[in-house]
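For reference, the structure is listed below as structure tokens.
The values are calculated or read from the model by the stated rules, or taken from the named source; none is laboratory data. Quantities reported herein were computed from a predicted structural model and do not represent experimental measurements. Here Cβ is always computed from backbone atoms with ideal geometry, including for glycine, and neighbour counts include all displayed protein chains. Heads up: the accessible areas ignore ligands, DNA and RNA and are worked out on the full protein's heavy atoms, side chains in. Shrake-Rupley method; radii C 1.70, N 1.55, O 1.52, S 1.80 Å.
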Amino acid sequence: MRDMTLDPENPIPSPLDLEKSVFAAYGGAVAAISTVERNLHLALVNERIARARQEGNTLADPFGKAERETFNALVKRVAPLCASDSSLAADLAVAVKRRNYLVHDFWYYKVYAALTEDGQKALLTELRRDNAVFEDINERLVKAVVDPGLVALGVDPDFGKVAFMATLKAYEEASE
């Protein structure tokens, strides 16, 4: 993309002028961290069901308040369950900061980098790195917390993921 001269009366460039690949990489990073968030929910659902079983209780709402909690709150609640991966809790805490930066501040600070070819390359590198880090954290979260939680409940992890998504969809539809 060529350098752009900005109109001083309207210094914010139109999003249409930004390269699609930068937006796609941004969307990929945000989608990856959203997947981590859903797996944090699943870890808490598994833990709530296991606790209810131990106490002889039945849960009407296994999701509880998890879907309304902030990403940071979810990480804090799941961190104690991450013992089998010694760095996962710390990596999740770092992911909270990076996720919040991406969602709340990234475009504010980086929009002008997208106006030049070199800036776009730098943004793509940064966002692709974020995506890879978030995907790695998600895989480790599933391996260390989600899958063992499902197995402890007597659920095959592959079946459990399909059932979770179906239950989540039904829950969201009922909540509307």
| Heavy-atom SASA rank of Lys65, Lys20 (probe 1.4 Å, accessible area, largest first) | Lys20, Lys65
| request: For Arg77 paired with Glu172, estimate the spin-label separation in nm (one decimal), with each label point 7 Å from Cα along the Cα-to-Cβ line. | output: 1.8 nm
| field | Cα→Cβ-extended label distance, 7 Å offset, between Lys20 and Asp136, nm | value | 3.0 nm
| For the chain: lysine pairs with Cα atoms under 21 Å, gap of 8 or more or different chains, count? | 11
| request: Evaluate the distance, in nm, between pseudo-label points positioned 7 Å from the Cα of Leu59 and of Asp105 along their respective Cα→Cβ axes. | output: 3.5 nm
| note | By the Cα gyration tensor axes a ≥ b ≥ c (a/c under 1.5 gives rounded; else a/b larger than b/c gives prolate, otherwise oblate), the shape of region 106-176 is oblate
| field | Span-rule helices in the chain, defined as complete DSSP H runs reaching 24 Å or more along the axis (Cα) with Kyte mean at least 1.0 | value | none
| note | region 33-143 accessible area per residue, 1.4 Å probe, protein heavy atoms, integer Å², reads 55 Å²
